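The values are calculated or read from the model by the stated rules, or taken from the named source; none is laboratory data. Every value quoted in this text rests on a predicted model; they were computed, and no experiment measured them. Neighbour counts run over all protein chains shown; Cβ positions are idealised from the backbone, glycine included. For the accessible areas, the whole protein counts, side chains as well, though only heavy atoms, and no ligand, DNA or RNA atoms are used. Shrake-Rupley method; radii C 1.70, N 1.55, O 1.52, S 1.80 Å.
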Amino acid sequence: DVVETQEHYKSRWRSIWIMYLTMFLSSVGFSIVIMSVWPYLQKIDPTADASFLGWIIASYSIGQMVASPLFGFWSNHRPRREPLVVSTAISVAANCLYAYVHVPHSHNKYYMLTARALVGFGAGNVAVVRSYIAGATSLTERTSAMANTSACQAVGFILGPVFQTCFTLIGEEGVTWKFLCLQLNMYTTPVLFGALLGVINIILIFAIFREHRVDDMGRQYKSINSDGEGSDVLDQNTEGSIDHIAVVALNILFFVILFVFAVFETIATPLTMDMYSWTRKEAVFNNGIILSAIGIESVIAFMVVKTLAKKTGERAILHAGLLIVLIGFFILLPWGKKLPNIQWQDIKNNSIPSIAPSEMLAPFWSLPELQLPANHTEPVGCPVAQSWCLNTPMIYLAQYISSDVLIGLGYPVCNVMSYTLYSKVLGPKPQGVYMGWLTASGSGARILGPVFVSQIYTHLGPRWAFSLICGVVVVSLLLLEIVYKRLIAFSVRYGRIQE
């Protein structure tokens, strides 16, 4: 056995921390403009409508879905520094393109679409990040490292909108540098800041990142990715085949986990507007506060689950996480008798009947009851066009908040455990392609989730939408029960170590 030296240990963890940073910047690249895409799109190209906005939002996930297996394959056969640097450079270039989408005289919306798709393509490096962390940690270190990775990703999603909010102080006009044809305003400065972070990341990858590989026991091994560092190591023992049934099952479970969370994120604003007669501004603000709180809850869950997994094991925690998500969506089913306020609007005189304050619900932090001012022109309540509004009971605010808390707890638990189990099942073989497919399945879920819920919720209502989600989670729990005994580490399966 080759005992790991202190120098190797420090170098290995410095490289892992660079991977944490890469994961953080990848999620920041998605969320830092998410709040401003629509107004910027309207400003640069008045021909763009809300449906095209949907394509721009989805383009990030489409780009990531395409790129993840490609970068994963690349990382299996070459030093990982190569795909990491190239992918980050693509993201930097895409952010710079986004800052210049106002320059062309026509088709500006297509330039924005291309820029966001390329940012997503660059974010395909998360497959490389996770495969590296899986290969550079022992079994005892794996759960903690994967939890830290997911926590960095979650923090990036939380801080992205915070950065965007800070940059709004610059204003819509900002400063124009004519010799560069560049406008520094509240729309372009965030992406240029993201590009700067990407350049810093590339420098750190060259300066600090090193290829390291250890087996499940923590012993140093040679890897095909090695660039000559650490020659005094053992050759890797990869005898034995991967349990592909377990691999496919975990891909399906991961798809379901991200699918239901994408549904949850998408439905928040329309659901609260329909059920509680919130205006667009109130729905965005209130749900922004709720989602921020859920983000903080998720980071705490990532930290707690690291310790809990050592006592109960990853499979049991994944099972518990899915049960919590199931309960969260079950609570969202309409149970009462009271119907939501109906959005009556006479087309001829554009009149809106008064709504009694007692019939409306206040936001959860006890703001005054919502009331429509005399000159208010925005209709509120459940639209008559959605026929289910006339016969489906409302979802009370207490139900909605309780569901938020449970889903905000169950999702991060399932996310970390599925990644951890997946890396352990794959074992010592190169994981780049497999991690690429797992990332691609998650990206596909983020694309299909909003499409599913927008269609089912609009036409059939929350009872059908959330019942179907509960059914999907129940099926995933049954799948987990079927493959439960197969979800074990590669080394445990072949008797090299005890579970």
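Quick look at the values:
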{"read-out": "Tabulated pairs, region 434-448, first touching a residue at least 40 places away in the same chain (Cβ under 8 Å) and on the phi > 0 side of the Ramachandran plot, second hydroxyl-bearing (Ser, Thr, Tyr) and open to solvent by less than 10 Å² (accessible area, probe 1.4 Å), C-beta under 8 angstrom, 6+ apart or interchain", "value": "none"}
{"read-out": "Meets criteria (over 26 Å from Lys429 (Cα atoms), touching a residue at least 12 places away in the same chain (Cβ under 8 Å) and either basic (Lys, Arg) or open to solvent by 10 Å² or more (accessible area, probe 1.4 Å) (or both)) for Ala117", "value": "yes"}
{"read-out": "Residue selected from region 315-340 under the condition over 22 Å from Leu258 (Cβ atoms) and among the basic types (Lys, Arg), by the criterion least open to solvent (accessible area, probe 1.4 Å)", "value": "Lys338"}
{"read-out": "Long-range neighbours under 7 Å by Cβ, at least six apart or interchain, first residue open to solvent by less than 30 Å² (accessible area, probe 1.4 Å) within region 36-65, second of a type in the set (Val, Ile, Thr) and not in a helix (DSSP H, G or I)", "value": "Ile44/Val101"}
{"read-out": "Of the criteria (1) touching a residue at least 60 places away in the same chain (Cβ under 8 Å); (2) in a helix (DSSP H, G or I); (3) farther than 25 Å from Ile447 by Cα, which one Glu82 fails", "value": "(1)"}
{"read-out": "Test for Thr22: is it part of a helix (DSSP H, G or I), touching a helix residue (DSSP H, G or I) at 6+ places or on another chain (Cβ under 8 Å) and of a type in the set (Val, Ile, Thr)", "value": "yes"}
{"read-out": "Counted residues, region 186-209 - those being in contact (Cβ under 8 Å) with a residue 40 or more places away in the chain and under 27 Å from Ala136 (Cβ atoms)", "value": "11"}
{"read-out": "Tyr419 being buried (at least 19 other Cβ atoms within 10 Å of the Cβ) and closer than 16 Å to Ala262 by Cα", "value": "no"}
{"read-out": "Test for Thr439: is it more than 16 Å from Ser241 (Cα to Cα), open to solvent by 40 Å² or more (accessible area, probe 1.4 Å) and modelled with pLDDT under 90", "value": "no"}
{"read-out": "Contacts under 7 angstrom Cβ, first residue in region 162-185 being touching a residue at least 12 places away in the same chain (Cβ under 8 Å) and closer than 20 Å to Phe285 by Cα, partner outside any helix (DSSP H, G or I) and open to solvent by 80 Å² or more (accessible area, probe 1.4 Å), 6 or more apart", "value": "Gln164/Met35"}
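Rundown of residues vs (1) within 18 Å of Thr439 (Cα to Cα); (2) modelled with pLDDT under 90; (3) β-branched (Val, Ile, Thr), yes/no style:
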site	(1), (2), (3)
Ala67	yes, no, no
Ser75	yes, yes, no
Val85	no, no, yes
Tyr98	no, no, no
Arg116	yes, no, no
Phe121	yes, no, no
Ser144	no, yes, no
Ala147	yes, yes, no
Ala151	yes, yes, no
